[in-house]
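Engineer: Please see the structure below; I have some questions.
Where a number appears in this text, it was derived from the coordinates with a stated rule and is not lab data. Note that the coordinates shown come from a computational prediction; the quantities given were computed from them, not determined experimentally. So basically every Cβ, Gly included, is an ideal-geometry build from the backbone, and we count neighbours across all protein chains shown.
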Amino acid sequence: MSRAQVIRPAGAGHETLYVLLISLLIVVLAASVVLLRGEREDEQTIASHQIDARRDLTAAEQGLYTDLRVAFDEIQLLREENAAVPSVQALAEEGLPPFVVDAGSQSRGGHQWSWLEPGAYLGRSQAPEVAGSLLLILPADSTGQADVWLRRDSAAMSPDDLGQTALIAAGWQQVVSHYDAGVTREHRH
C-alpha cells in the first residue's frame, strides 16, 4: 500500500513579511546611528566687525586672502633673515603674490600695495566692485599671527591707527577663518 503525501508550496506571504520587517529594522538602526554619531554643523558666530573668509568674500577676495596668508609666512622668514620687514618692492621682486603686478593681480582688483608704519601692508583696490582694499597687519614678533582686514568702498584711506577699535570705526572688517568639516564655499541665494 503506497501512501501519497501532499506537500503544499510555501506561501510567499510569510517570507515577504519577514524580509520586509528585517529590512525596516536595518533602516531604523542605520538612521539612528547616523543621527546619534553624525557630525553636527554648528554655525560659529563671529563678531559684527568680522567677516568670514569662506562665506562672505568674493572669489577674488578669497584668492587675495589666501595669497596674503601664504605671503605672511614668507614675510616672516625674510624678516628673520634680514632682521627687517621686507619692502613691498622686495616682495614684488621675489614674485610673491599678491604684491607682484601681473595679469592675475589686475583681474583681482589691481591692488596698489604700500607699507604702513608700524607694521602693515595696505593694498588699495583699483576695482572695489571686484575686490575690496586689504590690510595685512604683522604681529610685533615672529611668533604671532597676522591680521587681515577688508574695506570694500573706494574711500579706503590709509588708517592712522592700526588698533582694532580705530579700524572698526574707520569701516574696516576683520577677515576670520573658521575651518570645519563643512564645504569650503557656501552659496547663498
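Engineer: For the chain, build the charge dipole from Cβ charges (+1 Lys, Arg; -1 Asp, Glu) around the Cα centre, then report which of LEU138, VAL34, ALA90 sits farthest towards its positive end.
Structural biologist: Result: VAL34, furthest along the dipole toward the positive end.
Engineer: Using 0.36 nm per residue, how much length does the chain from VAL88 to THR66 gain when fully extended, once their Cα-Cα distance is taken away? Please report the intermediate quantities before stating the final value.
Structural biologist: Details: separation 22, 0.36 × 22 = 7.92 nm, distance 1.75 nm.
Extra length from VAL88 to THR66 when fully extended: 6.2 nm.
Engineer: Simple spin-label model, 7 Å along Cα-to-Cβ: GLU81 to ASP161 in nm?
Structural biologist: 3.7
Engineer: Could you size up the charge dipole of the chain around its Cα centre, putting +1 on the beta carbon of Lys and Arg and -1 on that of Asp and Glu, and report it in debye to the nearest 20?
Structural biologist: On the way: 14 positive and 25 negative charges, 290 e Å.
Around 1400 debye, computed over the chain.
Engineer: Would you work out which of GLN126, SER107, SER2 lies farthest towards the positive end of the dipole of the chain? Charges go on Cβ: Lys and Arg +1, Asp and Glu -1.
Structural biologist: SER2
Engineer: Output the peptides 70-83, 92-105, 122-135, 24-37 sorted from most to least packed, where packing is the average of other Cβ atoms within 10 Å over each peptide's residues. If you can, show how the numbers build up before the last one.
Structural biologist: On the way: 70-83: 14.0, 92-105: 15.9, 122-135: 21.3, 24-37: 9.4.
Output ranking for 70-83, 92-105, 122-135, 24-37: 122-135, 92-105, 70-83, 24-37.
Engineer: Please compute the Kirkwood hydrodynamic radius of the chain from all pairs of different C-alpha atoms, in Å with one decimal. Don't skip to the answer; put the middle values down first.
Structural biologist: Working: mean 1/r = 0.0486 Å⁻¹.
Kirkwood radius, the chain: 20.6 Å.
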